[in-house]
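Here's the structure, in structure tokens; my notes come after.
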Amino acid sequence: MRFFVVCPGGLETVLATELRQIAERPEVKAQGAWVLDPTPTSPTGGVGLAGPLSAAMALNLHSRIASRVLLQMAESTYRQEDDLYRLAHGLAWEEWFTHKQTLRVDVTAHRSPLKSLNFATLKIKDAIVDRLREVSGDRPSIDTAFPDVRVQAHLTATHVSIYLDTSGEALFKRGWRDEKGDAPLKENLAAGILALTGWQPKQPLFDPMCGSGTFLIEAAQIAMGIPSGAIRAGLYDEAGKETTHSRLAYRPLVTSVHGFGFLRLKPFLVGAEQKKWQALKDAVLAEILERRKAFPDAQSLGISGSDINEKLVSMTKSNWQRAQLPGLPVVRQVDALAAKPPAIASSSGGVDALPALALLNPPYGQRLGIKGGRGDDRDSDQSRYDDEGYADDADPYSHNIETGRQSAKRSSRESLKRLQAEEEIDPAFLEFMKQFGQHLKDAFGGWHVFILTADMALPGQLRIKESRRTPLFNGPLECRLFRFEMRSRSERLESAGKPI
């Protein structure tokens, strides 16, 4: 079987590393070998691989960085829409789902010669519907909101690839978040950023602008061996624990009741595949129980944060508990200008002499709660950005596609750039960033600080020279992950030629 594992642009390298790690898990190797495509050297939107059918189960359960796991059904050359119809009509869709299930079809393209992707989508949908009607005597209904089955097609200048989406709802929707709208930072992007920083469990991690706790919770689940798909796989239900879900936690479908897309596809429902699925879950449950011995409480994780907004601090605590993490997180309400390195970092000394890490995704400009209490704007504004052309399960090739929505996306990017330009000249914002940069120098000597921002001028505003910048995409926002290596006070005095 051929798969394409979708990820946010810029995370292809760390995704490839993660996929190799998943493939090497003993319970995964026992179900068949995987062959990964060469690691992309430029943004491609994902990584391809070949493996057994059960690879879809392991990928959806374990991959923290993936957005979707697509199973390739066909690939062929094409010239016109009728070619798409013939290819889709020739596939045995009846072997994968029935006419009683609802369907959604999405088409993305890069340099396609076709004039209308809406028409291309219609032709592929008609082909699937016609095929099932010919076989069963009835046709499936279309549901663009909550479909049972999703079909994805991608067009290049000469070739079309047709996929079945084995994920269902986008994989960044873990099921533990309790807030309206989309997160300001999607969970899989947060996990990818953690991988880029090189963070390891037991290495001190601090987020002084933690918002609703995405970085903290992703890191804690990594340390605890809790896979990203734990809630959707029903792991806690199987462990005898009652898992509660807020009615606002994304959508009610992101629970063990609806789970992953592959759980609604015929080949995954046969006895042999169900046994493989259970074996994957049993291995995870055993690992979680073992990790709990090393991390009996939140303090033992070495993960902490703070935020100026009391509402967001409370939200972090709620999300932490729904993510099945121990106790309550080490978070408190405090202005970032007053945030100090946590005691757990001072006492632990890091892992193998690795430096403590500060990792943050600050709200930008006027959305920054400089004097207190506007942190909740960060959530509402980001949700608005996503609604302006980037749905929460945006196209897998969103960084380079040319679709009928391109004008809306371009308009969204341009409006965001205008907003950034306005915010960059806000004197209060500039003064805050100057003070925050000095605070980092004074209080976080010896730390490595990573900041994700869409503001390319951030190092100058902080008055700190970055040691590395990594291009990333946070929805419609082109961002940079800046790394700053904070020198200790003695090092700064020594370099200035002053007595220590």
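The values are calculated or read from the model by the stated rules, or taken from the named source; none is laboratory data. Every value quoted in this text rests on a predicted model; they were computed, and no experiment measured them. Here the Cβ is made from the backbone with ideal geometry for all residues, glycine too, and neighbour counts use every protein chain on show.
Among all residue pairs at least 6 apart or on different chains, which show Cβ distances below 7 Å where the first residue, located in the range 462-487, is closer than 21 Å to Trp447 by Cβ and touching a residue at least 60 places away in the same chain (Cβ under 8 Å) and the second is assigned to a helix (DSSP H, G or I) and not basic (Lys, Arg)?
Here the result reads Thr470/Leu196; Leu481/Ile193; Leu481/Leu196, each pair linking the range 462-487 to a residue that is assigned to a helix (DSSP H, G or I) and not basic (Lys, Arg).
Kindly establish whether Ser161 is surrounded by 13 or more Cβ atoms within 10 Å (Cβ to Cβ), closer than 25 Å to Pro43 by Cα and either touching a Ser or Thr at 6+ places or on another chain (Cβ under 7 Å) or of a type in the set (S, T, N, Q) (or both).
Working: surrounded by 13 or more Cβ atoms within 10 Å (Cβ to Cβ): yes; closer than 25 Å to Pro43 by Cα: yes; either touching a Ser or Thr at 6+ places or on another chain (Cβ under 7 Å) or of a type in the set (S, T, N, Q) (or both): yes.
When the stated conditions are applied, Ser161 passes them.
Looking for whichever is surrounded by 22 or more Cβ atoms within 10 Å (Cβ to Cβ), among the small types (Gly, Ala, Ser) and in contact with a strand residue (DSSP E or B) (Cβ under 6 Å, 6 or more places away or on another chain) here; the options are Ala58, Ala66, Ala50. Which one fits?
Details: Ala58 fails: in contact with a strand residue (DSSP E or B) (Cβ under 6 Å, 6 or more places away or on another chain); Ala50 fails: surrounded by 22 or more Cβ atoms within 10 Å (Cβ to Cβ).
None of the other options fit; the residue is Ala66.
Only one residue in Gln72, Gln101 is under 14 Å from Val149 (Cβ atoms), among the polar types (S, T, N, Q) and not in a helix (DSSP H, G or I). Which one?
Details: Gln72 fails: under 14 Å from Val149 (Cβ atoms).
Among Gln72, Gln101, only Gln101 is under 14 Å from Val149 (Cβ atoms), among the polar types (S, T, N, Q) and not in a helix (DSSP H, G or I).
Name every residue in the range 289-333 that is loosely packed, with under 15 Cβ neighbours inside 10 Å, of a type in the set (A, V, I, L, M) and closer than 21 Å to Ser212 by Cβ, in order of residue number.
Leu328
If Val449 satisfies every condition in (1) among the hydrophobic types (A, V, I, L, M, F, W, C); (2) modelled with pLDDT of 95 or more; (3) not in a strand (DSSP E or B) but one, which is the exception?
(3)
Yes/no per residue for (1) more than 28 Å from the chain's Cα centre (by Cα); (2) polar (S, T, N, Q); (3) modelled with pLDDT of 95 or more:
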site: Thr41; (1), (2), (3): no, yes, no
site: Gly45; (1), (2), (3): no, no, no
site: Leu49; (1), (2), (3): no, no, yes
site: Ala55; (1), (2), (3): no, no, yes
site: Arg79; (1), (2), (3): yes, no, yes
site: Thr98; (1), (2), (3): yes, yes, yes
site: Asn118; (1), (2), (3): no, yes, yes
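In the range 181-200, which residues are in a loop (DSSP other than H, G, I, E, B) and either at pLDDT 95 or above or of a type in the set (D, E, K, R) (or both)?
Correct list: Asp182, Lys186, Gly198, Trp199, Gln200.
Out of the residues in the range 241-283 that are part of a helix (DSSP H, G or I) and either among the aromatic types (Phe, Trp, Tyr) or modelled with pLDDT under 90 (or both), state the one that is nearest to the chain's Cα centre (by Cα).
Taking the range 241-283 first, the residues part of a helix (DSSP H, G or I) are 261-264, 266-269, 271-283.
From what is left, the residues that are either among the aromatic types (Phe, Trp, Tyr) or modelled with pLDDT under 90 (or both) are 262, 268, 277.
Working: Phe262: 19, Phe268: 25, Trp277: 23 Å.
Checking each candidate, the answer is Phe262.
List every residue pair whose Cβ atoms sit under 6 Å apart, with the two residues 6 or more apart in sequence or on different chains, where the first one lies in the range 9-22 and is touching a residue at least 12 places away in the same chain (Cβ under 8 Å) and part of a loop (DSSP other than H, G, I, E, B) and the second, anywhere, is buried (at least 23 other Cβ atoms within 10 Å of the Cβ) and not β-branched (Val, Ile, Thr).
Qualifying pairs under 6 Å: Leu11/Gly192.
Name the single residue, out of those in the range 306-351 being under 21 Å from Ile226 (Cα atoms) and part of a loop (DSSP other than H, G, I, E, B), that is modelled with the lowest pLDDT.
That would be Val351.
Where residues in the range 112-151 are outside any loop (DSSP other than H, G, I, E, B) and of a type in the set (Lys, Arg), which of them is nearest to Arg79 (Cα to Cα)?
As a first pass, look at the range 112-151 and keep what is outside any loop (DSSP other than H, G, I, E, B): 117-136, 142, 149-151.
Checking the rest, the ones that are also of a type in the set (Lys, Arg) come to 123, 125, 131, 133, 150.
Values: Lys123: 13, Lys125: 18, Arg131: 22, Arg133: 26, Arg150: 24 Å.
Only one residue fits best here, namely Lys123.
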